[in-house]
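Participant: What follows is a single structure, and I will ask about it in a moment.
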Amino acid sequence: MFEHRIVFGTAGHVDHGKSALVRALTGMDPDRLAEEKVRKMTIVLGFAFLPLPDIQKTVAIVDVPGHEMFERNMVAGATGIDAVIFVVATDEGVKPQTREHLDVLNLLEVPAGVIALTKTDLCGPERIEQTGAQVRDLVAGTFLEAAPVVPVSSVTGEGIPLLKDELSRIAGGVKPRPENGIYRQPIDRVFTLKGVGTVITGTVISGSLEVGAVVRCLPGGEEFRARNLHVHHESVSRIVASQRAAVNLADANRDDIRRGDVLCTPGSLEPTLMMDVRVRLLPAASRPLAHRTRVRIHHGTREVLARAVPLESDQVKPGASAFVQMRLESPLVPVAGDLFVMRTYSPMRVMGGGRVLDAHPPKRTRAGGTADVAKKEALSPEEAILDALDGEGARGMPFERIRTASGLPEQAVRSALKEAEAQGRAYAGRGSRWFGAGVIEEMQTEISARLAELHSKDPLYTFVSLNDVSSGAAASEDLRECFRFALKQLTVKGTVVLSDERVHLASYRPQWTGKPAEAREKILQACAKSGLSVPNPQELAALVGLDEAACRRILGAISDAGELVAVSNAVYTPPDTLEDCRKAVRNFIAKNGRITVSECRKLLGASRKYIIPLLERFDREGLTVREGDHRVLR
């Protein structure tokens, strides 16, 4: 079975014999419409295929209109072709659409082709030679400069075998597009067959699709199942990049789909109304590309109107190249790296084209954002993912949005993120949200600054409220995930200490000076020598010469630092005293099965005003459980 993964396209002026040449090569008539047959002029795209037995391949041929009124159809047909059959009629020579079609092919970076001089049966050798020389002058400096020139007659068949040999040679050197990309198929035809349903055709420009798979149709967003697949009138189970294919869509209405739509893997792409591009104007462009010039953008099989916003200067001059933001009037479905053709709004002439750099950029100001766009142009798709994460800031990016923004297959995006995570350049948060390393570092800096600020406001306290920190460093809810992750990283690194809902800088120590420092020393001494029967806050206030409120503030700071434990609002005891009591109670219950308040008083040598708060604390801790008048171990 022959391989079907090469697409040739025709190009050339109207009535130069493109369709007749396709018929002579393939035996198939690419003109489908009755109007085309009556007018003897191609209006819409035509299709045929040609087996090449010597290289075991079958090539698809897309026949394009040559009339200037149908230039949009020509551009749609040139999208996705691997090589061109560039047609010039020997009797007429180079004409306006000959030049314009060559411009389109150059802008779309078609890599190879052959030049066919048609209608040689109408001319003598001298005229054939003159036309050949004229064409050579035209293609000098283009991808067709070294292309073979083959004189042919579709009427007599002269030169047709030689042309087939050249097609075989070119096809043998074509490298098929990779199958591991996301599935994309711009639609160039939609029709309905009785008993079959809705069918679309188009060239698969990346990835692959299997029978039964679900596809998404953009920009509308409808999803359908691929019921049947066909390549060159043969039913297949799978279609791949570089194939012209027909897809029979289950449960699809003809009105749901239009030429120019794109079939793709669900979740892989999203439409856009704005894109950053590098524009290249033809030297022969009739006018500069000025601010907010209205232009026609041809991408894939779709044409949309757009306003151009040059980012480097007030305008882009003919023959120049520059960064431009395109504000689209209708949605497109581009991927970074895609090529497009640009025509003037009126009269409609090809004026240039370009390459998509960012399919989902922020809105940029005139003469602004150049550095960011230039950076994106230099990045690989994997590096662009990390740049997008950094650009998104502390809100992070859900995986699905990373995937659609990148235009890469799901597995490629996951691999890139995992590798970046291993290198410390990206971090995975909760709920499939990812953050750039720079964003996490900025949040860590913000957390540390906020902690330092709160420490300075209340220098006696070691800890501050976690809520107070988050409300300053991450004021809105959509920043909290980044905050939580950055705080966790700071904790792991030992930069901060986290305890329940309290936090402090690991390097911070309370600033005890003057009267508070003296009071602290006296309070600690009084509590250390009192065992469990410590003075209450009123007594401690009298001891240190402060009012009760000031004394309680100092007690709160001491307990916050862990030097005292608040058993209750009235009982503050040293941690080692509390631990001794805990062990004594645990051992007593383990030996006796339970303990009463009275037994605990005797065991610890303290009054009820200390014992009851102590046992209640042990209940809260989970050490004991109250059962009537006694406690047992939980």
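Read-outs: derived from the displayed coordinates by stated rules, not from any lab. Being a predicted model, the structure only gives us computed values, none of them experimental. Methodologically, a virtual Cβ is constructed for each residue, glycine included, from the backbone with ideal geometry; neighbour enumeration extends over all protein chains shown.
Participant: Give me the net charge for the shell around Arg484: Cβ to Cβ below 14 angstrom, other residues only, Lys and Arg +1, Asp and Glu -1.
Facilitator: 0
Participant: Another question, if that's okay. Taking R0 as 30 Å, what FRET efficiency do you get between Glu518 and Ser471 from their Cβ-Cβ distance, rounded to the nearest 0.05?
Facilitator: Computed FRET efficiency for Glu518 and Ser471 comes out at 0.30.
Participant: Out of Gly431, Pro381, Ala394, whose Cα points farthest toward the positive end of the dipole of segment 377-432 (charges: +1 Lys, Arg; -1 Asp, Glu; placed on Cβ)?
Facilitator: Of the options given, the answer is Gly431.
Participant: Within segment 310-354, list the residues whose amide N lies under 14 Å from a label point set 7 Å along Cα→Cβ of His291.
Facilitator: Hits in segment 310-354 for His291 at 14 Å: 310-316, 325.
Participant: Can you run phi through the Karplus equation (6.51, -1.76, 1.60; θ = phi - 60°) for segment 124-139 and list ³J(HN,Hα) in whole Hz, with x for Gly and Pro?
Facilitator: x, x, 5, 5, 4, 5, 5, 5, x, 5, 5, 5, 4, 5, 5, 8
Participant: Exposure proxy check: Ile170, Ile6 ranked by fewest other beta carbons within 10 Å?
Facilitator: Least to most surrounded, the residues fall as Ile170, Ile6.
Participant: Tilt of helix 514-528 relative to the longest C-alpha principal axis of the chain, in degrees (0 to 90, nearest 10)?
Facilitator: 70 degrees
Participant: Please figure out what share of the DSSP beta bridges in the chain is antiparallel and state it in percent, rounded to the nearest 5.
Facilitator: 85 percent
Participant: Mind checking the full-extension length gain between Leu498 and Gln134? Use 0.36 nm per residue of separation minus the Cα-Cα distance, one decimal, nm.
Facilitator: That works out to 123.0 nm of additional length.
Participant: Name the shape class, rounded, prolate or oblate, that the alpha-carbon gyration tensor gives for segment 377-432, where a ≥ b ≥ c are the square roots of its eigenvalues, rounded holds for a/c under 1.5, and otherwise prolate holds if a/b is larger than b/c and oblate otherwise.
Facilitator: rounded
Participant: Test of understanding: extend the Cα→C-beta vector of Thr156 to 7 Å, then name every residue of segment 109-133 with backbone N under 14 Å from that spot.
Facilitator: So the set is 118-129.
Participant: Could I ask something else about it? Students often get this wrong, so try it: which of [x] 3, 15, 24, 25, 20, 10, 2, 0; [y] 3, 13, 17, 17, 12, 8, 7, 7, 7, 5, 3, 1, 0; [z] 3, 12, 19, 20, 15, 12, 9, 5, 3, 1, 0, 0 is P(r) over Cα pairs in 10 Å bins from 0, in percent as calculated from the structure shown?
Facilitator: [y]
Participant: On to the next question. Of the options Val585, Thr10, Ala473, report the single residue whose Cα projects farthest towards the positive end of the charge dipole of the chain (beta-carbon charges: Lys, Arg +1; Asp, Glu -1).
Facilitator: Of Val585, Thr10, Ala473, it is Val585.
Participant: About the Cα centre of segment 586-634, what is the dipole size in debye to 20, counting +1 per Lys and Arg Cβ and -1 per Asp and Glu Cβ, all else neutral?
Facilitator: 120 debye
Participant: For segment 249-307 and segment 336-350, what is the centre-to-centre distance using only Cα atoms, to the nearest Å?
Facilitator: 9 Å
Participant: A further question follows. How many angstrom lie between the Cα centre of segment 10-24 and the Cα centre of segment 168-209?
Facilitator: 23 Å
Participant: So what are the ³J(HN,Hα) numbers for segment 240-256, from phi and the Karplus equation (6.51, -1.76, 1.60; θ = phi - 60°), rounded to whole Hz, Gly and Pro as x?
Facilitator: So the Karplus estimates, Gly and Pro as x, are 9, 4, 6, 10, 7, 9, 10, 10, 8, 9, 6, 6, 9, 8, 4, 6, 6 Hz.
Participant: Moving to a separate point now. Rounded, prolate or oblate: which fits segment 151-299, taking a ≥ b ≥ c as square roots of the Cα gyration tensor eigenvalues, rounded meaning a/c under 1.5, else prolate when a/b beats b/c?
Facilitator: In terms of gyration-tensor shape, oblate.
Participant: Using unit Cβ charges (K, R positive; D, E negative) and no other charged atoms, how large, in debye to the nearest 20, is the dipole of the chain about its Cα centre?
Facilitator: My answer is approximately 1580 debye.
Participant: Still on this structure: Going by the alpha-carbon gyration tensor, a ≥ b ≥ c the square roots of its eigenvalues, is segment 514-573 rounded (a/c under 1.5) or, if a/c is not under 1.5, prolate (a/b greater than b/c) versus oblate?
Facilitator: It comes out rounded by the Cα gyration axes.
Participant: Between the alpha-carbon centers of segment 557-634 and segment 80-159, tell me the distance in whole angstrom.
Facilitator: Between the Cα centres of segment 557-634 and segment 80-159 lies a distance of 99 Å.
Participant: While we're on this one: Under the rule of -39500 (n - 2.57) per DSSP H run of 4 or more residues, summed and divided by the residues of the chain, what mean residue ellipticity at 222 nm is obtained, to the nearest 500 deg cm²/dmol?
Facilitator: Rounded to the nearest 500, it is -11000 deg cm²/dmol.
Participant: Contour minus end-to-end for Arg601 and Glu383, with contour as 0.36 nm per residue of separation and end-to-end as the Cα-Cα distance?
Facilitator: 71.5 nm
Participant: Can I ask one more? Each residue of segment 173-190 in order: what ³J(HN,Hα) in whole Hz does its phi give by Karplus 6.51 cos²θ - 1.76 cosθ + 1.60, θ = phi - 60°, with x for Gly and Pro?
Facilitator: In residue order, the calculated couplings are x, 6, 8, x, 5, x, 7, 8, x, 6, 5, 9, 9, x, 8, 10, 7, 9 Hz.
Participant: So, counting K/R as plus one and D/E as minus one, what does the shell of residues with Cβ under 10 Å around Arg425 add up to?
Facilitator: Surrounding charge for Arg425 is -4.
Participant: Continuing with this model, one more query. To make sure I understand the rule: partners must be lysines, Cα under 19 Å from the Cα of Lys609, and not fewer than 8 residues away in the same chain. Which ones qualify?
Facilitator: Once the sequence-local lysines are set aside, what remains near Lys609 is Lys529.
Participant: Right, something else. Report, in listed order, any pair from Lys57/Lys376; Lys493/Lys522; Lys488/Lys522; Lys18/Lys175; Lys457/Lys488 with a Cα-Cα distance greater than 28 Å.
Facilitator: Table pairs above 28 Å Cα-Cα are Lys57/Lys376; Lys493/Lys522; Lys488/Lys522.
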